Structures are given as structure tokens and as C-alpha cells.
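**Q** My structure is below; once you've seen it, I'll send some questions.
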Amino acid sequence: MKILNSELNIVTKNNLELVNITSDIEKFVVESKIKNGFLTLFVPHATAAIIVNEDEEGLKSDFFKIPKILKQAELLVGRFAHNKIDNNAAGHLAASIAGPSTQFIIKDGKLIRGQWQDIFFFELDGPREKRQVLMQVMGE
Amino acid sequence: MKILNSELNIVTKNNLELVNITSDIEKFVVESKIKNGFLTLFVPHATAAIIVNEDEEGLKSDFFKIPKILKQAELLVGRFAHNKIDNNAAGHLAASIAGPSTQFIIKDGKLIRGQWQDIFFFELDGPREKRQVLMQVMGE
Amino acid sequence: MKILNSELNIVTKNNLELVNITSDIEKFVVESKIKNGFLTLFVPHATAAIIVNEDEEGLKSDFFKIPKILKQAELLVGRFAHNKIDNNAAGHLAASIAGPSTQFIIKDGKLIRGQWQDIFFFELDGPREKRQVLMQVMGE
């Protein structure tokens, strides 16, 4: 049984952005030579998340509507208090609900994912120069 | 330390459906003979998720309101672009926010869950004939 | 490779509450003496979750708006059926979407988290006297 760690460094250019990191992650899994085990992804940020879904332009624009829906909800429940400090409460809430970690199963040396499952870094408060995704594989 | 993989095959009959898979998963954990470790569940689909909550009929109908809430939100933020291709954007968004993976702790040979925690496959774009839940246990 | 389990016992005093459990969790990781591995947190409740985000008072009050947003949504999609049994459907839905489990990577004997990532137990249907967070570390 072995454990290997690595990380991706990501620069985002927009306030909301989906960066497809599937090939980087699959490269790490293949190079780890782990045949049977699992991968943990962890985002060490309060306004970013991992999203696993289809790489289709329309759908990606729909993901950007999640913080917009939260901003519309402010009209119903009162202005988010964090916006007085930093105008990014919707990004914090969306990131927290999605959660910082995601796991994938590795079988026969391959990361298992569905036909319509690409892996994205979801920037919710960009642009940012120093975003990261931590990767850890464990297995044999 | 050992690693064992298996999968559940699921057929759904409705557009929205909650399939209680608790007993199938517990059977896999018991048969693995792992006494101390953990279980990873992974859904290889872009419009389905795992939900862990109470098996109560009213509550299950409330879960079906999650995509309905997203559809109401479209009236506020503009029609989801993915619906031009495939009328299931709300299912993609709900699945992505829930995330494809969930972990459970195994102690004394048993999967640990709370009194009100059953495990459901949440179909968000059915009916479908070939849904799966991947299961992996690691431990000793 | 070793596996260690423990748990936190939590008492909540309010209907909605965020309990910062970061130092308790870091103490468990340090005492486990695991240098390289990962931590799983699991909440064995249907109306509570783990939230990883910034410990800022305004933002914490914004998290309490998540169930309030779901209650506003009831006006659009019809009253939640579970509320006829137990007036906490919004808490069940919020807990389910957040999910019961979260993972952290351990490197050099330390739990890895971002500068703005504290770990909270999110009470969604309190007050409760017997809440728990299960903790498991695996590694070497």
C-alpha cells in the first residue's frame, strides 16, 4: 500500500470560471502506478470547489448561475452580512455546500469516471493567481 | 490492509426517483469481512447522486422539489442554456452540487450510520436502464 | 499503514448553530502520529453537516440563511410534506445536499487546510444534546 501526494497550480482569469483539470489528474494517477485504490482531491480555498460534470458550453454557463441564484435569494431573506466585508458571500456559500473534497476510485490503474463526467476546478471569486487542487492517491 | 471493489446496477422507472440501497451496501461491507476501515461510494453519472437521509415518504417527495426549485430559479436568472440541448439542466446542477462521492466509516465489521440515515441513489434524469453505484472498501 | 477512530461529542444550544471544531480535529490528527495519509469526518445525523469555510461572524449568519432560502422556495414549489411530521424539512434538505462526509489530506503530520478554511459542525435542527462527529485517520 502506498500514498502519493501532489498538487495542481491554477491561475483563473475571470470572477467565475470552470477549469477542466481532468487530464492533469489522470496523468497524476497513471504516473503513480497505483493499480487499485482511490484518489482524494482537496481544494484549500473558501471560494472555490471541485465540480464533476459534463464539459458542455451551455451547461458551464448554467453553473455560473448558481451564485446568481444565491444573489437573487438575498432579495427574499435579507442581504448577506459578509458582503459588507468582501462582496463574495455567494461564492463562500456555494463553495461550502459543494464541499472541499471529492473522491474517485482507481481500478486497473485507471481513474474511474462516467462518460459525461469531466473534473473541473470551479472558481467562485476570481480572478486569482494562486489557486490549488491537492491530490492524494492511496493504493497498491 | 485490503481493497475490494464492487458495483450495484440500478434501473429507474421515473424521471425523479430515490432508490434505497442501504441493505445492498451493508451486504457488501459484511461480505468484505473488513473490520476497520472505510467505504467509498461513487456515482459515475452527471445527473444522479447519493443522498444519505431519512426514509420517510413525505421527505422523499421533498427531495424531488430540489430540481423544481432550480427550475423556479430559472425565472429569476434566465433560462438554463443546457436545456436547449437536453432538457435536464436542473438535474445536472443538483447532481454536481451534491457531488459524485460519499464516504462511510467501517468499525467492528459494520458500516456506521445514524438512526435516520438511509442511503439512496437519487435519479435526477430518469427513467434509465443502466445506472450504477461503484463501491470500494479499504481496511483490515 | 494504520487506522484510528475517534469521535467528538457536541451539544448545541440553538436551532441553527455553527460549532468550530477545527482545534479538536487537529488535536486528534497530531495525537494519531500519522505523518502521511488522510482524515475522514462523518456526521451520523440527518439534520446536521460539516461545513469548511471562514470563521467570520457575518458569513456565519449568512450560512443560517441557507435553510431560510429553502423555506422561501416552499412558497414557489409547494409546502414541504415532511413538515407535517416534523417541522424541519429545510434542515434535512440542506444536510443532504451538503452530504455527511468530508475528507482532508494529512502531510508531514499536519491536517492540510487553506488560510480561510475552518471546520464547523453545522446544526440544522437544534438544540440537541447528543450530536457527534466521527473521525477516522488512515496512513503511516
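**Q** Which of the residues belonging to the stretch C:34-44 are open to solvent by 10 Å² or more (accessible area, probe 1.4 Å) and in contact with a Pro (Cβ under 8 Å, 6 or more places away or on another chain)? Break it down into steps so the answer makes sense when it comes.
**A** Start the filter on the stretch C:34-44 by keeping residues that are open to solvent by 10 Å² or more (accessible area, probe 1.4 Å), which leaves C:35-36, C:44.
Across the stretch C:34-44, the qualifying residue is only C:44.
**Q** Looking at (1) open to solvent by 10 Å² or more (accessible area, probe 1.4 Å); (2) in contact (Cβ under 8 Å) with a residue 60 or more places away in the chain, which is the one condition that is false for residue C:86?
**A** (2)
**Q** Here is a follow-up. Hey, could you check the stretch A:21-46 for residues that are within 16 Å of the chain's Cα centre (by Cα) and of a type in the set (S, T, N, Q) and say which is nearest to the other protein chains (Cβ to nearest Cβ)? Working first, answer last.
**A** Quick first cut of the stretch A:21-46, residues within 16 Å of the chain's Cα centre (by Cα) only: A:21-26, A:39-46.
Pick out the ones that are also of a type in the set (S, T, N, Q) and you get A:22-23, A:40.
Values: A:22: 13, A:23: 18, A:40: 5 Å.
Among them, the one singled out is A:40.
**Q** If you don't mind, there's one more thing I want to ask. Could we say that residue C:128 is over 30 Å from residue B:138 (Cβ atoms), more than 11 Å from chain A (Cβ to nearest Cβ), open to solvent by 30 Å² or more (accessible area, probe 1.4 Å) and more than 15 Å from the chain's Cα centre (by Cα) here? It would help to see each step written out before you state the result.
**A** Values: over 30 Å from residue B:138 (Cβ atoms): yes; more than 11 Å from chain A (Cβ to nearest Cβ): yes; open to solvent by 30 Å² or more (accessible area, probe 1.4 Å): yes; more than 15 Å from the chain's Cα centre (by Cα): no.
No, not satisfied.
**Q** Grab the strands (runs of 3 or more DSSP E) fully contained in the stretch B:1-44, keeping just those with 1 or more residues being free of Cβ contacts under 8 Å to residues at least 24 places away in the same chain and within 19 Å of residue C:99 (Cβ to Cβ).
**A** Details: elements: B:2-10, B:17-20, B:36-42.
By residue number, no strands (runs of 3 or more DSSP E) qualify.
**Q** In the list A:133, A:137, which residue meets the criterion of being at negative phi, more than 7 Å from every other protein chain (Cβ to nearest Cβ), in a strand (DSSP E or B) and more than 11 Å from the chain's Cα centre (by Cα)? Break it down into steps so the answer makes sense when it comes.
**A** On the way: A:133 fails: more than 11 Å from the chain's Cα centre (by Cα).
So the residue among A:133, A:137 that is at negative phi, more than 7 Å from every other protein chain (Cβ to nearest Cβ), in a strand (DSSP E or B) and more than 11 Å from the chain's Cα centre (by Cα) is A:137.
**Q** Here is a follow-up. For the stretch A:85-117, which residues satisfy the criterion of being within 18 Å of the chain's Cα centre (by Cα) and of a type in the set (Gly, Ala, Ser)?
**A** Filtering the stretch A:85-117 for residues within 18 Å of the chain's Cα centre (by Cα) gives A:88-105, A:111-114, A:116-117.
The answer is A:89, A:90, A:91, A:94, A:95, A:96, A:98, A:99, A:101, A:114.
**Q** Answer yes or no: is there a residue in the stretch A:90-102 that is touching a residue at least 60 places away in the same chain (Cβ under 8 Å) and surrounded by fewer than 23 Cβ atoms within 10 Å (Cβ to Cβ).
**A** Our first condition is that a residue be touching a residue at least 60 places away in the same chain (Cβ under 8 Å); within the stretch A:90-102, this holds for A:101-102.
So of that shortlist, the ones also surrounded by fewer than 23 Cβ atoms within 10 Å (Cβ to Cβ) come out as A:102.
Yes: the stretch A:90-102 contains one or more residues that are touching a residue at least 60 places away in the same chain (Cβ under 8 Å) and surrounded by fewer than 23 Cβ atoms within 10 Å (Cβ to Cβ).
**Q** With the structure loaded, tell me whether residue C:11 is within 18 Å of the chain's Cα centre (by Cα) and more than 7 Å from chain A (Cβ to nearest Cβ) or whether it fails that test.
**A** yes
The values are calculated or read from the model by the stated rules, or taken from the named source; none is laboratory data. These figures come from a predicted structure and were not determined experimentally. Don't worry about glycine lacking a Cβ; one is built from the backbone with ideal geometry, like all the others, and counts go over all protein chains shown. The accessibility values were calculated without ligands, DNA or RNA, using every heavy atom of the protein model including side chains. Shrake-Rupley method; radii C 1.70, N 1.55, O 1.52, S 1.80 Å.
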